[in-house]
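Worksheet: one structure, shown below.
The values are calculated or read from the model by the stated rules, or taken from the named source; none is laboratory data. Since we're looking at a predicted model, the values are computed, not measured. Please note: Cβ atoms are built from the backbone with ideal geometry, for glycine as well, and neighbour counts cover all protein chains shown.
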Amino acid sequence: MTVATARLGFGVTFTDHMVVANWSQATGWTPLSLTRNAPLSLHPAAMSLHYGQAIFEGLKAYRQPDGTAALFTPHRNAERFARSAARLAMPQLPPDAFIEACELLVRADAEAIPGGFGQSLYLRPFMIATEASLGVRAATEYLFAVIASPVDHFFASGAAAIDVWCESRHSRAASGGTGEAKCAGNYAGSMPAKAAAVARGCHEVLWLDAAEGNWVEELSAMNFFCVRQPAGDQPELLTPPLGGTILHGSTRAALLTLAGDHGVKVTERPIALAELLDPDSPITEAFACGTAATVVPIGGFASENGQRRLPTEGVGPVTTMMLEALMAIQYGRSPDTHRWMHRV
Ligand code: COI
């Protein structure tokens, strides 16, 4: 499949191949197998359908200036996948096998990697319980697979700023729960709040902590950053600390490093909702980040307790610098000094 550099959307078309492996308690993992992308055959009692043993990852292959492809920090995804599996009592896929599966698929579908700046081949590795049983326990059989989709921007609006609804009725994750696992159920639980946010004219939900409903956590599929810059001071980049309820984003980790490279002070600390909503707050910019979305400016916050538009409408100098610096590395336009790009 060859992809023209027209508008691709996000995750709506898929490449010709997939990579699969199966695990059973009796025999462990089968070798990885490259096959045609085709519907899966599942028993209606497959345990993932009933009890939610389903985890996934998202990573991208980027076309490099010399025509080759490179994955962005796949080892981080492999490690997070293993941690998600452990949290849901699923078998561990060795990180080397995870990366090899991604490489196999990128090589097989190399022609489908779009060439436009901002476009990429999004890989979706996932694992589901396949054992047919209604017993409430960890399954003894699983399927691991990787599929791929040529994509451009995650939001239909492109890189334009989004407005977020600060959710106080539902919560995404509680201490001791599955918040830092990338499991399907976390996303299902976020959907009513997302639909309500969209009905209020917002694009996304900003989740608050479950205990007090006071501290900013993350968006449904992205980590959160903001910039604090009292008049006359240097900007400081803030993001909530990872405390078990927030996803360990690979984009988040890269941006923390990149900010340091560019001389921007970074602080991981709790951020109160009131700090974002206060009209006199020195928070001047905010953005969301993730593999799918890269860096998306946030233009304003709305909540039960009021709303606030950011002075820069989100698209401020630090947000712009972060986005440009990250994309320049991903697309091979600036030196990969941290060795984040994994050539395939
Ligand atoms: C990603 O950024 O890869 C994510 O996992 C978000 C996804 C749910 C679209």
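The listed residues are GLY263, GLY243, and the only one of them that is over 23 Å from GLY118 (Cβ atoms), small (Gly, Ala, Ser) and touching a residue at least 24 places away in the same chain (Cβ under 8 Å) turns out to be GLY243.
For segment 71-82, the criterion of being among the small types (Gly, Ala, Ser), part of a strand (DSSP E or B) and either modelled with pLDDT under 95 or out of contact with any strand residue (DSSP E or B) (no Cβ under 7 Å at 6 or more places or on another chain) (or both) is satisfied by no residue at all. Among the residues of segment 81-99, is there at least one that is more than 19 Å from TRP29 (Cα to Cα), of a type in the set (Phe, Trp, Tyr) and either in contact (Cβ under 8 Å) with a residue 12 or more places away in the chain or more than 16 Å from the ligand (Cβ to nearest atom) (or both)? The answer is no, given that none of the residues of segment 81-99 is more than 19 Å from TRP29 (Cα to Cα), of a type in the set (Phe, Trp, Tyr) and either in contact (Cβ under 8 Å) with a residue 12 or more places away in the chain or more than 16 Å from the ligand (Cβ to nearest atom) (or both). Taken together, the criteria exclude ARG333 from residues that are modelled with pLDDT of 95 or more and at positive phi. Only residues that are charged (D, E, K, R) and either free of Cβ contacts under 8 Å to residues at least 60 places away in the same chain or within 15 Å of the ligand (Cβ to nearest atom) (or both) were counted in segment 110-131, giving 1.
For segment 206-213, the condition of being touching a residue at least 60 places away in the same chain (Cβ under 8 Å), within 17 Å of the chain's Cα centre (by Cα) and more than 19 Å from ARG80 (Cβ to Cβ) holds for at least one residue.
Quick check on my filter: what residues within segment 166-225 are among the acidic types (Asp, Glu) and either away from the ligand (no atom under 14 Å from the Cβ) or surrounded by fewer than 16 Cβ atoms within 10 Å (Cβ to Cβ) (or both)? If the condition is that a residue be among the acidic types (Asp, Glu) and either away from the ligand (no atom under 14 Å from the Cβ) or surrounded by fewer than 16 Cβ atoms within 10 Å (Cβ to Cβ) (or both), then GLU167, ASP209, GLU212, GLU217 are the ones that fit.
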